[in-house]
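The values are calculated or read from the model by the stated rules, or taken from the named source; none is laboratory data. Nothing here was measured: the structure is a model prediction, and the numbers come from that model. Note: ideal-geometry Cβ built from the backbone for every residue, glycine included; neighbour counts use all protein chains shown. With ligands, DNA and RNA removed, areas are computed over all heavy atoms of the protein, side chains included. Shrake-Rupley method; radii C 1.70, N 1.55, O 1.52, S 1.80 Å.
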Amino acid sequence: MVFTAGAVAALLNGAVDGNPDATLNDVCPIEHGRAGALTFLANPKYAHHLYTTAATAAIVANDFVPTAKVHCTLIRVKDPYAAFAILLEQYARMKRPAAGIHPTAFIDATATVGNDLFIGAHAVIDSGAMVGNGCHIHPQVYIGRNAKLGNNVTLHAGVRLLDDCTVGSNCTIHAGTVIGSDGFGFAPSDNAYGKVPQIGNVVIHDDVEIGANCTIDRATMGSTVIGKGVKLDNLIQVAHNVEIGEHTVIAAQTGIAGSTKIGRRCMIGGQVGIVGHLKIGDNVKIAAQSGIGSDVKDNALMQGSPAFDAGNYRRAYVSFRGLPKTVSIINELRMDVEELKKDRHDR
Amino acid sequence: MVFTAGAVAALLNGAVDGNPDATLNDVCPIEHGRAGALTFLANPKYAHHLYTTAATAAIVANDFVPTAKVHCTLIRVKDPYAAFAILLEQYARMKRPAAGIHPTAFIDATATVGNDLFIGAHAVIDSGAMVGNGCHIHPQVYIGRNAKLGNNVTLHAGVRLLDDCTVGSNCTIHAGTVIGSDGFGFAPSDNAYGKVPQIGNVVIHDDVEIGANCTIDRATMGSTVIGKGVKLDNLIQVAHNVEIGEHTVIAAQTGIAGSTKIGRRCMIGGQVGIVGHLKIGDNVKIAAQSGIGSDVKDNALMQGSPAFDAGNYRRAYVSFRGLPKTVSIINELRMDVEELKKDRHDR
Amino acid sequence: MVFTAGAVAALLNGAVDGNPDATLNDVCPIEHGRAGALTFLANPKYAHHLYTTAATAAIVANDFVPTAKVHCTLIRVKDPYAAFAILLEQYARMKRPAAGIHPTAFIDATATVGNDLFIGAHAVIDSGAMVGNGCHIHPQVYIGRNAKLGNNVTLHAGVRLLDDCTVGSNCTIHAGTVIGSDGFGFAPSDNAYGKVPQIGNVVIHDDVEIGANCTIDRATMGSTVIGKGVKLDNLIQVAHNVEIGEHTVIAAQTGIAGSTKIGRRCMIGGQVGIVGHLKIGDNVKIAAQSGIGSDVKDNALMQGSPAFDAGNYRRAYVSFRGLPKTVSIINELRMDVEELKKDRHDR
């Protein structure tokens, strides 16, 4: 795939500043430019790379003013990051997975599958499952009994979507993720634990993306719910009966315990732990590695384990770092005060 | 599957308070009741839902006294939670996986399998492996060479039970979990690390349940041991040569480093880290996100990273939250003391 | 496989102190000795086991002097741990996986595979992929389109090496690990998040070992890079565009956010979190559960969340544990100072 700088500029409604016939056959980060590649400059912090890059062309903002000689062709656009995302999108689209149903895939006779599908080698679609149109079911995926997928869903290699769980349209689930494992429910009985059967499911709404090797447990009864537009990173644990509100974003290795409800448009850092049966409001931000042990109000910013207001946490942590010095100050104060007391006594 | 309230009451040795002929075809949480569904009230905190629920019937305690008008049929029993677990168990049993051995499963000629099995599509049972009676081996499971399963074991989709590892009877292992990966053992040599071969195995005793996408490493020599009745949640790491005592329960995303021995009936929270070569006593409780860096005695309650007594941790943490204020008090004290000293000096 | 103590000593350039004809058919840890087994004593802390072990023979250091009667045959060598690793290596080599390509494996007609391969049941090697000589591709592995493996690579059961990713020679990747899942890249647009396509790959250099159920995301553009000789434990998250330097070792459940560069020969503990876009120097050591929030210089030792110098952290933490007492000292001081002030005022 080869394009000219002029063709790229036309696609992006941009203007060429340099050679419109320069040919481009790859994209690259600005710090690793090479001949034939197109790069972009969105963050002014990286501007110095532009003067030395070996890339053939670079997308920059309309109002970018070089402070040194630029050797590559510039393509000027309104928003370089957005423009580059459009190009990547185009590029990715050209690399779509192969279509068709692989002969080694197993589709149960009672399953229903749509049109324009890709179903990869050794994938299994079990009894009563329904797969919508335009889905990409990669090799070795398992779709359980009576599970349902909307349209244009991508399940990457080795995803397990277990019995009765449902996924909306335009969702992507990355390799190795398990949807619908049993919730962790045990009732003490005599000197052991008896299993509480987990008969609910997981419901994933439209436009959700879930990373690799995550685990999302089915509800004990009812549904574990992942709201529309939610984005989960890798290795995240979502326990039974959790509900995550629309457009909330969660970074890798975070865990949410049973029955907690998380609001909309929250941003939750990596390795955060949230205990069970809590209510987290809308637009809440939680710093990485925090532990949430009680309900959180809308718009709060939380940090610490257990977490409290992030600004207060940071101030307390500054004091924590200074503690050894503070303790020696206190010891000096004690001696001073002892002396003052003795002194008074002696008078 | 439709039951009457009277039939459910009979099954549970309960009494009907309302319409014994009310028909029930589903179960639901009390806050999401709907017509035709049966719910239960175990926690008095949720009693208010009972007066407004659309559920057709509810299981309540014998001594429950409504404080408002109840519209649904009540089924009175001694212990509503236990009664409901019995029903869920019945319900789950009716949804057993299909029996039989799928034609796409591969069973090595030298493997031995019992009776009343389910072996799903694309499962692989390798040479010398032994599978007991009544096991459910879900699609895409791998059972390694010379691995052994007792009776009534369920391995969910994509479980990997690797060479030489053994699982007792009545165990359940959830999707994507790996049993028997190599321990993390490397010996520094010159300027690199040489691998220490890991030739031991993993031994899982009876009545164990292990969540999804966990990793349990084989021993360097000897066995990594999971005791009878242990329950592990999702995404848990158990390193080589670890031993976990009977009926210990561990929440999601916890990690236990090599050769640590954990006692019986411990309760370990989520995202806990335990360093290697430690001895953790019986009945120990560890709060979520704690880091255990030294041996722990029986019955201890631990918190913090590094962890110490949980009560002391909480008191220290309260002081931590107040540190910025404490520091400003100290600064005031310093000024006061300076003034007192100066004052004394001036006299 | 049966050996005599004399044969083992000859293999290790050691000397027999006892019965050279003693027969050995197994290896064992020193605390679990049994007749017929060979054990070793490397750590003097475990020397007391030697006097009571039921093992038939033990490897000890040349200069080991027993302080009680030893019943087993001793094999004296220069470095018992290294000698034992050599034996384990021999032992492991005798247990190599079966060779050959399983009839249920699917290899695309456009893929290229080398000689002396093992390719297990239901493995999938997709179009354009290249697999070198002597590789062991275990059952249910997926090798994506145009992915490349060097020679002598072992991919354990259920590994997913996705499109365009490359693995050097002599690497081992454990079961369930995902290489090449999409980076977590989303651009806010209107009231939702738009996906930033991830078109880069993952490049793994020679002699790397990666544990079970890890996730290593592909770069947005360019490559996520795992340097030569790196060792990663289980359940580790490596985000898009991360680079890890040669011979760095990382313990389980650690997560590294996007675009961070980690130096060479670092040792990073378990459950560590490192935020994105940082530069971590060479020979850095990071304590378990730490959170790294800013660049780290060569040779630093870090602890805490957020982390700072480990020595200072430990001193601050000692003060933290004593905080409730410190606060009561401050309260006493306040009273003393108040009294001194009052006293002065009264004069």
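Check the straight Cα-Cα distances from B:Lys69 and name the lysines below 21 Å, setting aside those fewer than 8 residues away within the same chain.
B:Lys45
Anything over 18 Å Cα to Cα? Flag those among C:Lys78/C:Lys231; B:Lys325/C:Lys341; A:Lys285/C:Lys261; B:Lys231/B:Lys261, in the order listed.
C:Lys78/C:Lys231; B:Lys325/C:Lys341; A:Lys285/C:Lys261
Between C:Arg344 and A:Ala99, what is the label-point separation in nm under the 7 Å Cα-to-beta-carbon projection?
In this crude label model, A:Ala99 to C:Arg344 measures out at 8.9 nm.
Please give the net charge around C:Ile292, taking every other residue with its beta carbon less than 13 angstrom from that of C:Ile292, where Lys and Arg add +1 and Asp and Glu add -1.
+2
What is the mean number of Cβ atoms from other protein chains located within 10 Å of the Cβ atom of each residue in peptide B:215-226, rounded to a whole number?
So the per-residue partner count for this stretch is 4.
Only Cα pairs within less than 10 Å get springs; with that Gaussian network setup on chain C, which residue of C:Ala192, C:Ala307, C:Ala287 has the largest fluctuation?
Result: C:Ala192 has the largest fluctuation of those listed.
Would you list the membrane-span-like helices of chain A, meaning whole DSSP H runs whose alpha-carbon atoms span at least 20 Å along their axis and whose mean Kyte-Doolittle value is at least 0.5?
A:80-94
Among DSSP beta bridges whose residues both lie in the range A:3-95, state the antiparallel percentage, nearest 5.
35
Under the Kirkwood approximation for Rh and a Cα-based Rg, what ratio Rg/Rh is obtained for chain C?
1.15
Taking springs between alpha-carbon atoms closer than 10 angstrom, which of C:Ser290, C:Ser305, C:Ser328 fluctuates most in the Gaussian network model of chain C?
Largest GNM mean-square fluctuation: C:Ser328.
Specify, per residue and in Å³, the volume enclosed by the convex hull of the alpha carbon atoms belonging to the range A:120-277.
98
Where does the charge balance sit around C:Gly281 when Lys and Arg score +1, Asp and Glu -1, over other residues with C-beta under 12 Å from its C-beta?
Surrounding charge for C:Gly281 is +3.
Residue-wise, which Karplus ³J(HN,Hα) couplings in Hz belong to the range A:214-231, taking 6.51 cos²θ - 1.76 cosθ + 1.60, θ = phi - 60°, and x for glycine or proline?
Per-residue couplings from phi come out as 7, 9, 10, 7, 6, 6, 4, 9, x, 9, 7, 10, 10, x, 3, x, 5, 10 Hz.
Would you mind telling me the share, in percent, of accessible area of the protein assembly as shown contributed by carbon and sulfur at probe 1.4 angstrom?
In the protein assembly as shown, the share of accessible area belonging to carbon and sulfur is 53 percent.
Enter the mean number of other protein chain beta carbons within 10 Å of the beta carbon of each residue in A:22-31, as an integer.
Partner Cβ neighbours, averaged per residue: 2.
May I ask you to evaluate 6.51 cos²θ - 1.76 cosθ + 1.60, the Karplus curve with θ = phi - 60°, for each residue of the range C:29-34 and list the ³J(HN,Hα) values in order in whole Hz, giving x for glycine and proline?
These are the phi-based 3J(HN,Hα) values: x, 5, 7, 10, x, 8 Hz.
Amide H neighbours of A:Lys148 under 5 Å, at least 5 residues apart or on other chains, H built in the peptide plane: list them.
The list, which skips near neighbours in sequence, is A:Met130, A:Cys165, A:Thr166, A:Val167.
Return the long-range amide H neighbours of B:Leu117 (sequence gap of 5 or more, or a different chain), with a cut-off of under 5 Å between placed amide H atoms.
The list, which skips near neighbours in sequence, is B:Gly100, B:Gly134.
Could you state how much accessible area B:Cys72 has, in square angstrom rounded to the nearest 10, with a 1.4 Å probe and all protein chains kept in place?
That residue has around 10 Å² of solvent-accessible surface.
Hey, what do the phi angles of the range B:111-127 turn into as Karplus ³J(HN,Hα) couplings, whole Hz, using 6.51/-1.76/1.60 and θ = phi - 60°, x for Gly and Pro?
These are the phi-based 3J(HN,Hα) values: 7, 10, 10, x, 9, 6, 9, 10, 10, x, 4, 6, 5, 10, 10, 8, 4 Hz.
Return the FRET efficiency for the residue pair B:Asp295, A:Ala15: r is the Cβ-Cβ distance, R0 is 45 Å, and the value is rounded to the nearest 0.05.
E(calc), rounded to 0.05, equals 0.05.
So who's got an amide H within less than 5 Å of the one on A:Leu301, skipping anything under 5 residues away but keeping other chains? H placed 1.01 Å off N, in plane.
A:Lys285, A:Ala310
Rounded to the nearest 5, what % of DSSP beta bridges with both residues in chain C are antiparallel?
15
According to a simple spin-label model (label point 7 Å from Cα along Cα-to-Cβ), what is the distance in nm between B:Val318 and B:Asn115?
Taking the simple label geometry, B:Asn115 and B:Val318 are separated by 6.4 nm.
Could you name the aspartates and glutamates in cross-link range of A:Lys297, using Cα to Cα under 19 Å and dropping any fewer than eight places away on the same chain?
Correct list for A:Lys297: A:Glu243, A:Glu246, A:Asp282, A:Asp309.
So if I take the centroid of the Cα atoms in the range A:293-347 and the same for the range A:175-247, what is the distance between those two points in Å?
Using only Cα atoms to place each centre, the spacing works out to 41 Å.
Assign one of three labels to the protein assembly as shown, namely rounded, prolate or oblate, based on the Cα gyration tensor with a ≥ b ≥ c the square roots of its eigenvalues; rounded applies when a/c is under 1.5, prolate when it is not and a/b is larger than b/c, and oblate otherwise.
rounded
For C:179-190, what's the mean count of beta carbons from other chains sitting within 10 Å of each residue's beta carbon?
Across the residues of C:179-190, the mean count of other-chain Cβ atoms within 10 Å is 5.
Show me C:57-63, B:152-158 ranked by packing, highest mean number of other Cβ atoms within 10 Å first.
So the order, starting with the most tightly packed, is B:152-158, C:57-63.
Using the Cβ atoms and a cut-off under 12 Å, what net charge is assigned to the surroundings of B:Phe186, where Lys and Arg are +1 and Asp and Glu are -1?
-2
By its C-alpha gyration tensor, with a ≥ b ≥ c as the square roots of the eigenvalues, how is the range C:3-95 shaped: rounded for a/c under 1.5, else prolate for a/b larger than b/c, else oblate?
Judged from the Cα gyration tensor, the range C:3-95 comes out rounded (a/c under 1.5).
Using the basic label-point model (7 angstrom from Cα toward the beta carbon), what is the B:Asn25 to B:His48 distance in nanometres?
For the pair B:Asn25/B:His48, the computed spacing is 3.3 nm.
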